[in-house]
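Read the structure below first, then the notes.
The values are calculated or read from the model by the stated rules, or taken from the named source; none is laboratory data. What you see is a predicted model, and the numbers here were worked out from it, not measured in a lab. Cβ placement follows ideal geometry from the backbone for every residue including glycine, while neighbour counts extend to all protein chains displayed.
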Amino acid sequence: MEKENSLFEKVSTWLRNSVMLKLLTITILMLLLLIPSAMIQDVISERQNLQQEAISEVSSKWANSQELNGPILTIPLLYEFEKDDKMVETIVYQYVLPQALNINGILKPQKLRRGIYEVVVYDSDLKVNGTFNMDISFDENHLKEIQYEKAFLTIGFSDLRGISNNINFKWGNENLKVESGSKITDLVSSGITIYPKAIKSQLGNSIDFDFSVDLQGSQDLTFVPVGGTTQVNLQSEWSSPSFKGNFLPKNREVDEAGFTAHWNVLELNRNYPQSWSGRIMKDKMDASAFGVNLLNEVDDYKKSQRSAKYSVMTIALTFLVFFLVEVINKKRIHPFQYILVGLALCLFYVLLVSISEHSNFDLAYAISTFGIVGMISFYALYIIKARNLVIILVLTLIGIYGFVYVTLQLADYSLLIGSIGLLIILGLTMFFTRKIDWYNFQSSSQEKFVEQ
């Protein structure tokens, strides 16, 4: 019986002193901690979805993203042809785009709140003018009549609720009445309609047009370059615009006072003509749109999500420090204590998200770092009982969180910074463990096992 007890004690001692077994245990604990880490990333995604729902709700009451498309002149053509020994008539629309289109706009952004979330909306003052070239050619095969008296103009607005003024549309020297709704919904799904007069008498000439619109929207403002030459000039007090779409500005200036941007798009730059009949060009026109997105300066959820992806590295490096303390200074740490430290590291990201929802990201990151590093440091001081080692641990944790913070700020260089950082960490680990004879360390454990 005493031999069995002695054997059990020897096996138990070997298990406590086995370096490989301890490494295996730490690895398993790290893998288990991936579960709460993944759950935290799900929480961040859920909060981000709530933010998007808040944006959608506010936008639905204010006005959604706006796209200006037009004006487009539409002329009905009556064709007659024989089918099954009968004469059949059909209407085909001829679409004519302006030869020149000029848009000058001022964006006035503001932030609305929905609970704890901020939503960027804007008022815009758009002045639009241009010229139609009325030298129009038609497909005369089976053409019976050109219905000039039924011609109409369409201007597309993606959300009509954003129109804040009565639009005064000037066609040549005439002021024309504007009606709500689009008659060519397969090309312009939402917009207004204008009925010009005496189109037939103006054939072969050029006609100027002009109108102004106060347009409300949320986040995005885009334009479809329907002009033979389309020029757009925008200015705003918003300091963090994102220029989007198929064309970037030819000239732009962005600073803390706001931005100015100028686009110049030619007919040759897009994949649809100035005039066509029958065919629908909606997809090609939509694909050619360009404009600006008023980004919120601080997208905390994206930063939190990116920082959470570094949780594995943070846990691994912290566990590595604790393991080296065990190896070098013979300070044994129980697996349960590793788990508590790992859970504290995971809690960092919950703190980061919850605090950043009520303050800015930088302050939330600093508070979370101070709280978690402080808690782990006091706990390590008790279990390690060596002030110098705890100081090393604190410096390591601060270095890790500082490294992650710098990586988050330099998004374009995150891969470069990350790879260099990991190279330095691996080099330091090799340096501090260079004098450890792992075989002798294992042998000394075995000798201790035999002596007992």
Can you pull out every residue in the range 298-352 that is in contact with a Ser or Thr (Cβ under 6 Å, 6 or more places away or on another chain), closer than 18 Å to T407 by Cβ and not small (G, A, S)? D300, L345, F348, L352
Checking I367 against (1) among the β-branched types (V, I, T); (2) touching a helix residue (DSSP H, G or I) at 6+ places or on another chain (Cβ under 6 Å); (3) surrounded by 17 or more Cβ atoms within 10 Å (Cβ to Cβ), the condition it does not meet: (3)
Of these, S182, S201, which one is among the polar types (S, T, N, Q), under 16 Å from L73 (Cβ atoms), over 25 Å from the mean Cα position of the chain (by Cα) and crowded, with 18+ Cβ neighbours inside 10 Å? S182
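Being assigned to a strand (DSSP E or B) and modelled with pLDDT of 85 or more is the filter here, so list the residues in the range 43-90 that pass it.
Q66, E67, L68, N69, P71, I72, L73, T74, I75, P76, L77, L78, listed by residue number.
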Please go through the range 188-200 and pick out each residue that is among the hydrophobic types (A, V, I, L, M, F, W, C), touching a residue at least 24 places away in the same chain (Cβ under 8 Å) and either under 14 Å from Y95 (Cα atoms) or part of a loop (DSSP other than H, G, I, E, B) (or both). V188, I199
If you take the residues of the range 138-155 that are more than 14 Å from V92 (Cα to Cα) and not hydrophobic (A, V, I, L, M, F, W, C), which of them is surrounded by the fewest Cβ atoms within 10 Å (Cβ to Cβ)? E149
All but one of (1) at pLDDT 90 or above; (2) more than 19 Å from N133 (Cα to Cα); (3) part of a loop (DSSP other than H, G, I, E, B) hold for T185, so report the exception by its number. (1)
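Each row is one residue, and each column tells you yes or no for (1) surrounded by fewer than 16 Cβ atoms within 10 Å (Cβ to Cβ); (2) among the polar types (S, T, N, Q).
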site: K111; (1), (2): yes, no
site: V121; (1), (2): no, no
site: N129; (1), (2): no, yes
site: N133; (1), (2): no, yes
site: F157; (1), (2): no, no
site: E174; (1), (2): yes, no
Looking only at the range 288-303, decide whether some residue is farther than 28 Å from N388 by Cβ, in a helix (DSSP H, G or I), touching a strand residue (DSSP E or B) at 6+ places or on another chain (Cβ under 6 Å) and at pLDDT 75 or above. no
Only one of (1) modelled with pLDDT of 85 or more; (2) under 28 Å from the mean Cα position of the chain (by Cα); (3) of a type in the set (G, A, S) does not apply to S164, and that is (2)
Regarding S354, is this residue at pLDDT 80 or above and over 21 Å from Q409 (Cα atoms)? no
Across (1) more than 30 Å from Q51 (Cα to Cα); (2) at pLDDT below 90, N129 clears everything bar (2)
Which condition breaks for I333 when tested against (1) farther than 30 Å from E237 by Cα; (2) among the β-branched types (V, I, T); (3) part of a helix (DSSP H, G or I)? (3)
Just to verify a result, which residue in the range 91-101, among those that are in a strand (DSSP E or B) and in contact with a Gly (Cβ under 6 Å, 6 or more places away or on another chain), is nearest to L203 (Cα to Cα)? A100
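To keep it simple, each residue is scored yes or no on (1) closer than 22 Å to V312 by Cβ; (2) at pLDDT below 70.
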| residue | (1), (2) |
| --- | --- |
| S368 | yes, no |
| A386 | no, no |
| V394 | yes, no |
| T407 | yes, no |
| L423 | yes, no |
| D437 | no, yes |
| Q446 | no, yes |
| V450 | no, yes |
Selection from the range 214-229 of residues that are small (G, A, S) and either assigned to a strand (DSSP E or B) or touching a Gly at 6+ places or on another chain (Cβ under 7 Å) (or both): G217, S218, G227
Out of all the residues in the range 262-270, is one or more under 22 Å from D123 (Cβ atoms), in the same structural domain as V96 (by TED's automatic domain parsing), at pLDDT 90 or above and touching a strand residue (DSSP E or B) at 6+ places or on another chain (Cβ under 7 Å)? yes
Would you confirm, using the coordinates I've provided, whether P249 is touching a His at 6+ places or on another chain (Cβ under 8 Å) and in a loop (DSSP other than H, G, I, E, B)? yes
